Structures are given as structure tokens and as C-alpha cells.
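The values are calculated or read from the model by the stated rules, or taken from the named source; none is laboratory data. Since we're looking at a predicted model, the values are computed, not measured. Neighbour counts run over all protein chains shown; Cβ positions are idealised from the backbone, glycine included.
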Amino acid sequence: MSFQNLLIENKERIQYIIINRESKLNALNKATLAELHTAFYEAFHNREVGGIIITGAGQKAFAAGADIAEFVDVDAEGGREIARQGQTTVFDMIENGNKPVIAAINGFALGGGLELAMACHIRLAADNAKMGLPEVTLGLMPGYGGTQRLSWLVGKGRAMELIMTADMISAPEAHQYGLVNHVASQAQLLDKAEEVLNKILSNGPLAIASAITAINAAFHPDENGFETEINEFSKCFGTKDMKEGISAFLQKRKPEFKGE
Ligand code: COA
């Protein structure tokens, strides 16, 4: 499938999803969000794809937020629909995906852009990146899960301050806060993202999917995460991959996981 606002590139088992609206700092308009839904759906269902790196086109932005121009005539009901639709079809979908998703934050990640990065499983930032949730400067607040995921990642006090002041933080600050796992030079960002993802891809893919499910359960108060862990742990025992992993260890060889 070809897209108007995204570029898709494949490098062995890694799929790159690149937001490609450079002239608008990769702002997430409706069309881009719809394409992101399709692209992630396809990546999660494509057996050739082991994991995904999402980044922004150009040197300046990962994504500078939701497309503000589309908010002009929206009323309260429309706002509810934007948030619900976006959360369900893109942000929650990525978070609950069955394959690892890494955000390579190559510049501004603001508003919906940072919310997108926070829906990914792991975040890496280039040393020029700037991150924040500046919606209140527009008389708005985050609506794509930002209040929840920022609180999970950096704690309530820091989330309160970042959202209410609308401050942007640098990559080193984001690293210190735990918002990003690694900081790399602009030139090294994608290499570092590939290094992390390739390490993950050398492990059992069904076990990775189960781990994602169980870790996510820790952040959903209506779910018993320990029970989820028991179920996912049990599922691993029913896989050929687990038998292969155990045999390989005992035979002192590298495992060959098939995702079965
Ligand atoms: N929605 C729509 N368009 C956006 C956008 C957004 N979130 N962010 C940037 N753009 C557009 C600008 O309108 C401009 O378009 P134009 O050239 O047609 O006028 C283009 O992208 C370049 O942005 P510009 O503001 O000129 O770049 P800058 O380097 O001066 O500033 C930012 C960069 C990121 C500080 C600034 O663009 C900004 O504050 N963006 C909005 C961030 C935001 O509030 N996000 C939350 C949205 S809910």
C-alpha cells in the first residue's frame, strides 16, 4: 500500500514508518493519522516484519503535534470524537501491538507528536530533540493519551509541571526524566535504534509479544497485571519457540525462533 503522508522502508526485519509532512513539521493531520492506523495494522500482520522504527522526515521534527489548522471549527462533541478516535485507532493500537515499536525522535516531538512517541514501546532521542506537551498554550490539553502516558513515564509531579507550564525539554533532560531511554547524535540516532531493535529481534517474537501485553497490564487499573503475567507466561510454554529456546540453551547453540 502506498501513502500520501508516510514513507515505508524495509531493512531486513525492521520496518521504518516515516512521517512525511516535512513542510508542516510532520504535524499529524487526520489523513496522516488514518495512514498511521493502516501502516501499523499492516506491519503488525506482516510476518516479514519483526519490529518497527517510527521517525519523522527531515532534520527538524519527529512530529510537531496534531494539525492545529484542523481544530478551527471543532466543538466539544467533535473534540471528544477526535480524542476517542485517535486514541483507539492509533495510539492504543501501537501500544498494544504484538511487535516492538521504537520511536526515533529526530527533532521536535510536541503535543500529539510526543503522545505518539509515548505510545511506542521504547523512545530514543537525537541530541537536538525538543519534547513537550504545549496544548495549554492553545487553550487545549493533551487528548491522545498524553496525560496518562507522561504520568506513567516521568511521574505525576513532573507530568503536572510539564503539561501546565507547556515547557519544552531537551533530550538530556528527557533522558534524565526517563522519558527517553537513550540519546544519540542526530547522525547516530537510527543506527542506535536499529541496534536496540535488532537485539530485541534476536529473541523469541511470541515471548516479546507476551511481555508487551503483560507490561502494559501494569498500567491499566481495571486489569490484574499479575494474572495477565500468569496467562502470558503460560502461553509461552505452548509455543515451539520456547521448546527451541530451551533446547538451544541446553545444546549450547543459538536458537532459531520461528514465531510459532
Ligand atoms: N499544526 C499545524 N501546522 C504546524 C504545526 C502544527 N502542530 N506545527 C508546525 N506547523 C507548521 C507551521 O504552521 C508552518 O507552516 P507554514 O510554513 O505553512 O506557515 C510550518 O509548520 C513550520 O513551522 P514554524 O512554526 O514556521 O517553524 P518554527 O521553527 O518557527 O517553530 C515550532 C517550530 C515547533 C516551535 C512551532 O511550529 C510550533 O510551536 N508548533 C506548534 C506546536 C504545538 O503547539 N503542538 C501541539 C499541537 S496540539
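Can you go through I19, I82 and tell me which one is within 22 Å of G107 (Cα to Cα) and in the same structural domain as G139 (by TED's automatic domain parsing)?
I19
Take the residues in segment 98-133 that are under 8 Å from the mean Cα position of the chain (by Cα) and not β-branched (V, I, T), then tell me which one is nearest to I53 (Cα to Cα).
A103
Grab the strands (runs of 3 or more DSSP E) fully contained in segment 4-57, keeping just those with 1 or more residues being surrounded by fewer than 22 Cβ atoms within 10 Å (Cβ to Cβ) and out of contact with any Pro (no Cβ under 8 Å at 6 or more places or on another chain).
Result: 6-11, 14-19.
Could you list all residues from segment 58-95 that are polar (S, T, N, Q) and loosely packed, with under 13 Cβ neighbours inside 10 Å?
Scanning segment 58-95 gives Q59, T88.
Assess whether K130 counts as being of a type in the set (K, R), outside the structural domain of T228 (by TED's automatic domain parsing) and either touching a strand residue (DSSP E or B) at 6+ places or on another chain (Cβ under 9 Å) or closer than 23 Å to L189 by Cβ (or both).
Judged against the criteria, K130 is a match.
Being away from the ligand (no atom under 16 Å from the Cβ), more than 20 Å from N20 (Cβ to Cβ) and buried (at least 21 other Cβ atoms within 10 Å of the Cβ): is that true of K156 here?
Judged against the criteria, K156 is not a match.
How many residues are of a type outside the set (A, V, I, L, M), touching a residue at least 24 places away in the same chain (Cβ under 8 Å) and within 11 Å of the ligand (Cβ to nearest atom) if we restrict to segment 22-31?
Residues that pass the stated criteria total 4.
Take segment 37-69 and flag every residue that is within 16 Å of the ligand (Cβ to nearest atom), in contact with a Phe, Trp or Tyr (Cβ under 9 Å, 6 or more places away or on another chain) and not basic (K, R).
Hits for segment 37-69 are G56, A61, F62, A63, A64, G65, A66.
Filter segment 109-127 down to residues that are surrounded by fewer than 24 Cβ atoms within 10 Å (Cβ to Cβ) and within 12 Å of the ligand (Cβ to nearest atom), then give me how many there are.
0
Looking at M164, M131, M168, M160, can you tell me which residue is touching a residue at least 12 places away in the same chain (Cβ under 8 Å) and farther than 23 Å from N106 by Cβ?
Every option except M164 fails the conditions.
Is there any pair linking a residue in segment 85-100 that is closer than 13 Å to T38 by Cα to one that is among the β-branched types (V, I, T), with Cβ under 6 Å and at least six apart or on different chains, and which?
I94/V101
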